[in-house]
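Taking it in order: structure first as structure tokens, then the write-up.
Bear in mind that the values in this text are calculations on the coordinates, not laboratory data. Treat the numbers as computed from the prediction; the structure is a model and nothing was measured. All Cβ positions, even for glycine, are placed from backbone atoms using ideal geometry, and neighbour counts span all protein chains on display.
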Amino acid sequence: MVLNKIKTAVFISGNGSNLKSLLIFSNKKSAPIKINTIISNNPKAKGLNFAKKYKIQSKIFNFKNQKKAESQILKYLKKNSIDFICLAGFMKILSQEFINNFGKKIINIHPSLLPKYKGLNTHERVIKKKEKYSGCTVHYVSHKVDSGKIILQKKIKILKKDTPTTLAKKVLKQEHKIFPKAVKIIFSIR
Ligand code: GRF
């Protein structure tokens, strides 16, 4: 049993299925993290329902003025003694200043085999290029988008009949597995 769990914030913008997998994982006694708060730039993010369901505080920040939002988030994280951030489908690019000022680990999940297919619309591009494989990656967040050190990847085979939609579904299923695994790796619990 882990007594002093690492206080974690999960950032989301959409459905929050990765958030859900992290919540299930963090509720295990052996998990190294505790999710204390859920942060979103999008008040309509479906994933916010998991905050209610799991009775975790959530907070929305308006990114119209990103600089202001980031400084408010930093204050909020400090107030809540957050030591670790997981970006789980968070669609804003955090500034170098934010990353430096937080000064602790931030990780992200991306639906491709990085360094290939950084950025958006990954599955469409992968299918268009007739790739044989795709997958997902958990990596540290650095100032360059989708470019920090890789923690864990899962490769999957693309079938001829796959479309961006079917591929997205398959990749997402693997994302739900590797995100918690990557957290275990980071905090050296195997
Ligand atoms: C995932 O595919 C993630 O890799 C990408 O955005 C999607 C978020 O899905 N960054 P969800 O909100 O976790 O369901």
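Descriptive notes on the structure:
- Placing unit charges on each Cβ (+1 for Lys and Arg, -1 for Asp and Glu) gives the chain a dipole about its Cα centre, and among 72, 107, 26 the Cα reaching farthest toward its positive end belongs to 26.
- The long axis of helix 66-79 is offset from the longest Cα principal axis of the chain by roughly 60 degrees.
- Residue 62/residue 1 FRET efficiency (R0 25 Å; Cβ-Cβ; nearest 0.05): 0.05
- Relative to the longest principal axis of the Cα atoms of the chain, the long axis of helix 164-186 lies at roughly 50 degrees.
- Note on the chain: semi-axes of the ellipsoid equivalent to its C-alpha gyration tensor, largest first and rounded to whole Å, are 27, 19, 16.
- Rg in Å to one decimal, and Dmax rounded to a whole Å, for the range 1-101 via C-alpha atoms: 13.1, 42
- The chain - percent relative contact order, Cα under 8 Å, separation 6 or more: 20 percent
- Pairs exceeding 18 Å between alpha-carbon atoms, taken from 53/79; 64/92; 132/169; 20/105; 116/161: 53/79; 20/105; 116/161.
- Expected 222 nm ellipticity per residue - DSSP helices of 4 or more, -39500 (n - 2.57), all of the chain, to 500: -10500 deg cm²/dmol
- Among 108, 27, 121, the largest mean-square fluctuation in a Gaussian network model of the chain (Cα springs under 10 Å) belongs to 121.
- Helix 17-26 and the long axis of the chain differ in direction by around 60°, with both axes built from C-alpha atoms.
- Centroid-to-centroid separation of the range 23-86 and the range 160-179 [C-alpha atoms, Å]: 25 Å
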